[in-house]
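Peer 1: Once you've had a glance at the structure underneath, I'll fire off some questions.
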Amino acid sequence: MKHWAYRATTKKVSFDDVAALARLGFVCRSAYTKAEKTQLVTYVRHIEIGDVLHMHYSDGRDVRTIGPYVICECAGHPLRDQVEEAIVEKTGALYVVGDTSFFDPHNRDGGYVPDPVLNRITGWLVRPAGCALVPYDPDHFSPYGLTMGKIPEELWPVVAS
């Protein structure tokens, strides 16, 4: 199990929609950066079932807390009937959304777009982690201003089983 910092921004959808989707058990994340490159998004191949996302939301000035969430497998997850069973190839834990009925109310303005290669909505299935949230630290996203970053092991909180 690894811990990851995850920063959602106003670029896609509102704080309320990101937080509501997480509470439903889903974090939207494309697998690929651009269709013409077929290059995976940084860190997507490394995030696996059982890893913890420490989620924050930034509007460019202020940072709000969403919470810590564990990446889950499809079996037994409340949204298992809305996603395809197979994990997206070359990724550690991304699923393709088949039935977007749970998702659409939180994407009214179309900020979340289908993955540029798969042409489908993709993301992680999650549940609350049962651990403390690692505080927001811009250094977790350096040096390129990424939306995801590794949290150093010495900062990992204890996760309740």
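Peer 1: Can you name the number of the only condition in (1) in a loop (DSSP other than H, G, I, E, B); (2) out of contact with any Phe, Trp or Tyr (no Cβ under 9 Å at 6 or more places or on another chain); (3) not hydroxyl-bearing (Ser, Thr, Tyr) that Pro68 fails?
Peer 2: Going through (1) in a loop (DSSP other than H, G, I, E, B); (2) out of contact with any Phe, Trp or Tyr (no Cβ under 9 Å at 6 or more places or on another chain); (3) not hydroxyl-bearing (Ser, Thr, Tyr) one by one, Pro68 breaks only (1).
Peer 1: Residues in the range 115-129 that are surrounded by fewer than 19 Cβ atoms within 10 Å (Cβ to Cβ) and in contact with a strand residue (DSSP E or B) (Cβ under 8 Å, 6 or more places away or on another chain): how many? Talk me through it step by step, then tell me what you get.
Peer 2: Taking the range 115-129 as the starting set, the residues that turn out to be surrounded by fewer than 19 Cβ atoms within 10 Å (Cβ to Cβ) are 116, 118-120, 127-128.
Imposing the further condition that a residue be in contact with a strand residue (DSSP E or B) (Cβ under 8 Å, 6 or more places away or on another chain) reduces the set to 116, 118, 120, 127-128.
Number satisfying all stated conditions: 5.
Peer 1: Which members of the range 18-37 meet the condition of being of a type in the set (Lys, Arg) and surrounded by 16 or more Cβ atoms within 10 Å (Cβ to Cβ)?
Peer 2: Initial filter on the range 18-37 (of a type in the set (Lys, Arg)): 23, 29, 34, 37.
Listed by number, the list holds a single entry, Arg29.
Peer 1: Right, something else. In the range 38-53, what residues are of a type in the set (Gly, Ala, Ser) and either within 17 Å of Pro105 (Cα to Cα) or buried (at least 20 other Cβ atoms within 10 Å of the Cβ) (or both)?
Peer 2: Keep residues of the range 38-53 that are of a type in the set (Gly, Ala, Ser), which gives 50.
Residues satisfying the conditions do not exist here.
Conditions tested, residue by residue: (1) among the charged types (D, E, K, R); (2) under 25 Å from Asp137 (Cβ atoms); (3) surrounded by fewer than 19 Cβ atoms within 10 Å (Cβ to Cβ).
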| position | (1), (2), (3) |
| --- | --- |
| Asp16 | yes, yes, yes |
| Tyr57 | no, yes, no |
| Pro68 | no, yes, no |
| Ile71 | no, yes, no |
| Leu79 | no, no, no |
| Lys90 | yes, no, yes |
| Gly98 | no, no, yes |
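Peer 1: Okay, next question. Name the residue that is modelled with the lowest pLDDT, counting only residues in the range 3-14 that are surrounded by 16 or more Cβ atoms within 10 Å (Cβ to Cβ) and in a loop (DSSP other than H, G, I, E, B).
Peer 2: Ranking the candidates gives Lys12 first.
Peer 1: How do the strands (runs of 3 or more DSSP E) wholly within the range 86-161 filter down when requiring 3 or more residues that are at pLDDT below 95: which remain?
Peer 2: Details: elements: 95-97, 122-128, 148-150.
Hits in the range 86-161: 148-150.
The values are calculated or read from the model by the stated rules, or taken from the named source; none is laboratory data. All values reported here derive from a predicted model rather than from experimental measurement. Counting neighbours? That spans all protein chains shown, and the Cβs are built from the backbone with ideal geometry, glycine included.
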